[in-house]
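Quick notes on the structure that follows.
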Amino acid sequence: MKPFIRIAILGSFLLVFLPFYFENNLLAQKDSMKSWSLQMKAFAPNAGGQDAWALRWASDFKEWMAFTNFDLYAGDYPLIGLAHGWRHSFCGLKCPINPYVQAGVGISTAGPFAEFIWGMNLLYLIRLDFSSHFILQKRLLSWGYPLWIGVSVPTW
Amino acid sequence: MNSFLFQINSFRFFNFLPDFFGYCFLTLSILSVSAIAFGAEFSLYSRAGLFQQPSSQYYHFTQGIGVRLLFFDERVGVEVTYDQRPKFRSQGYEDQEEFTTINFGGSFKRFKNFRLTSFIGVSKIYGYIRSTHSDEIFEKREYEMHAASLSMRVEYVLKHFVSSFGIQNFHGFSTREQSEIYVAWPFYGFVFALGVSV
């Protein structure tokens, strides 16, 4: 691993955890924690995975997301969508390890779709999702993001 | 005679039965003591589903069975399922797939007789495809993989009957070479289950 990447990873952890060292009651003061996540390349049946991106804003109970998949086209445009999801967190965003399940509905350039996620937040900064989209066109299309990996930033 | 032997060999359901019963025995023997201590719900059910293969947009019918043990007020438990996609013959080819799964999970929301459940576990997938062009030219390609099994269901409980409908995904684990190029093998499906519980 290149030194720059190593320093960047270490620096990111310090940025998040250093405040807790000085103020260990920081989380307890905040009832509702939020999280911004940016997800990038996902695994897929085709070699090279999916060139897909998603931006997600989540609480313990809800999530808004926008995504695009440059490997799938709806007409002349890449697949782009917006969705709202309802989440059940098993531990909550305050926990360093937070598994959750989520179901949502949204609209995309290919039609309305439903989203189902089994995921986990790790150490506030890492997000791992197993996610599937069922897009309603003339017939029901399924498309998924097995192991969609992203970075998160906790907010309040 | 040759084709008769081949048919027996290709009917892999019997090959998987020891796996299935093995899982069941382990599950039941480990958890039965806890179940007696804390009160449990034991269910036996049949499953019917529609599954999409990783590389196609076609849905295939599957059938299966499952056993489940939930305890701590049905919040936590374990289930073992076996699903099979029956043989499908088309254009000189025949294929089949089987999924043997052990899942952990439970219900996380309840309202009246309904409840939402989620399970996560591991599955063993076996499948084959063979040419049926001629008896003399015999070609068969088998594949086996392990997969993450994920499900989310709505269940309806009425006395000793349990029915459920939900999403079931199998995300096949890649080999190391495949992982390096971001390859995975997802199967997506809908499953309806109907069974009895005590």
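What follows is calculated from the coordinates using simple rules that are stated; it is not laboratory data. No experiment lies behind these values; they were computed from the predicted model shown. Glycine gets a Cβ as well: all are built from the backbone with ideal geometry, and neighbour counts include every protein chain shown.
Rounded, prolate or oblate: which fits segment A:101-146, taking a ≥ b ≥ c as square roots of the Cα gyration tensor eigenvalues, rounded meaning a/c under 1.5, else prolate when a/b beats b/c? Since a/c reaches 1.5 and a/b is larger than b/c, the shape of segment A:101-146 is classed as prolate.
Per the helix-only calculation at 222 nm, which mean residue ellipticity applies to chain A, given -39500 (n - 2.57) for every DSSP H run of n ≥ 4 and division by its residues, nearest 500 deg cm²/dmol? Show your work: numbers first, answer last.
Working: 2 runs with 24 residues, N = 156.
After summing the helix terms and dividing by residue count, I get -5000 deg cm²/dmol.
If R0 equals 41 Å, the separation of the Cβ atoms of A:L123 and B:H160 corresponds to a calculated FRET efficiency of about 0.40. Grouping the Cα pair distances of chain A into 5 Å bins from zero gives a pair-distance distribution of 2, 9, 17, 21, 17, 14, 10, 6, 3, 1, 0, 0 percent in increasing distance order. For the residue pairs A:K2/A:K62; A:K94/B:K124; B:K109/B:K159; A:K62/A:K94, the C-alpha atoms sit more than 27 angstrom apart in A:K2/A:K62; A:K94/B:K124.
Which residues make up the longest stretch of chain A clear of trypsin sites (Lys or Arg not before Pro) that lie in a DSSP loop with no more than 11 other Cβ atoms within 10 Å, not counting the sites? Provide the component values of the computation, followed by the final result.
Numbers: sites that count: A:K138, A:R139.
Within chain A, the longest run free of exposed trypsin sites (Lys or Arg not before Pro) spans A:1-137.
3J(HN,Hα) along segment B:77-87, derived from phi through the Karplus expression 6.51 cos²θ - 1.76 cosθ + 1.60 where θ = phi - 60°, amounts to x, 9, 9, 10, 10, 10, 10, 9, 8, x, 4 Hz, with x in place of Gly and Pro.
Among the trypsin sites (Lys or Arg not before Pro) in segment B:129-198, those located in a DSSP loop and surrounded by at most 14 other Cβ atoms within 10 Å of their own Cβ are B:K159.
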